[in-house]
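A short worksheet on the structure shown next.
FYI, it's all coordinate maths here, none of it is from the lab. Since this is a predicted model, take the numbers as computed values, not measurements. Note that each Cβ is placed from the backbone with ideal geometry, even for glycine, and that neighbours are counted across all protein chains shown.
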Amino acid sequence: TAIYPTRLAGYTQSSSLDQVEAALSLAKKYGIRVFLGLVFNDEWWQKEGSDREWLLREAGEIKAVASELYAEYYPRYPDTFAGWYINWEMDNYAGYNRREMPKANMIEALQLVAAHLDGLNPDLPSSIAPFFNTAGGASPEDYGQFWFEVLSQTGVDILMLQDGIGVNHADLEQLPEWYRHVCAGVRAAGKLCWSDLENFATDQDGSFVPAPSERVIQQHQVA
């Protein structure tokens, strides 16, 4: 499904409202710049980097949607359209952290997507927003090295590191070590490291609710 009037085969619009148009027009009105997300398939959580054929097919879908979004919206919103968000949420647990084949698959797919986005307009940066869970998986040092290797070999411009506070993947006091090591790897690759601040909390039943403002302020300060 798509949230805008798409002409791509196999897609249907999921609402009567063109949500991309609505977002960009309001963002322009209020002086906000927007990174447009691309394609996400729920099978990602089972596939991740393990299935090269699936991953490259998804990369093709991303490229097609990006081309349509750029042609339709960039000419009318050149100062509001800030860049791209690649929706693959990579983490410090998956096999690409410790096995070369899944890592190579992710690098290949990210190379294809980033090169296409750069070809549409080299002035629009591409971004990705990975996360980490302090309960296990790759350590901060290893995760930083992993992202150095990935970003050194792809054209992705910005890493927006999810802080994990909203989903209880980390505590505030753990954030400095993770940001220090991951951002060191990102910057060593010549790319930008941003904080993706989770401004929500997880309720007892697992639903997301707005976070207390004091906690969000603390997240800003720690980052």
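For the reader, a short list of remarks on this structure follows.
- Option label - Cα extents along the principal axes in Å computed here, alternatives (i) 70, 38, 34; (ii) 45, 42, 35; (iii) 61, 45, 26: (ii)
- The range 72-132 - convex hull of alpha carbons, volume per residue in Å³: 85
- A cut-off of 5 Å between modelled amide H atoms, ignoring neighbours fewer than 5 places along the same chain, links residue 198 with 163, 164, 165, 166.
- Per-residue ³J(HN,Hα) for the range 161-167, Karplus 6.51 cos²θ - 1.76 cosθ + 1.60, θ = phi - 60°, Hz, x for Gly and Pro: 7, 5, 7, x, 5, x, 9
- Placed amide H near residue 82: partners under 5 Å, 5+ positions off or other chain: 34, 35, 36
- With each label modelled as a point 7 angstrom along the Cα→C-beta vector, the residue 26-residue 7 pair spans 2.8 nm.
- Mean-position separation - Cα centroids, the range 198-216 and the range 79-131, in angstrom: 28
- R0 of 30 Å, Cβ-Cβ distance residue 100-residue 194: FRET efficiency to nearest 0.05: 0.60
- Each Lys or Arg adds one and each Asp or Glu subtracts one; over the other residues with Cβ under 14 Å from the Cβ of residue 194, this totals -1.
- Cross-link reach list, lysines versus residue 63, counting only Cα pairs under 20 Å and skipping chain neighbours closer than eight places: 47
- In the chain, the DSSP beta bridges split such that about 15 percent are antiparallel, to the nearest 5.
- Remark: the range 70-81, residue by residue, has Karplus-estimated 3J(HN,Hα) of 5, 5, 7, 10, 4, x, 8, 9, x, 8, 9, 6 Hz, where x stands for each Gly or Pro and the curve is 6.51 cos²θ - 1.76 cosθ + 1.60 at θ = phi - 60°.
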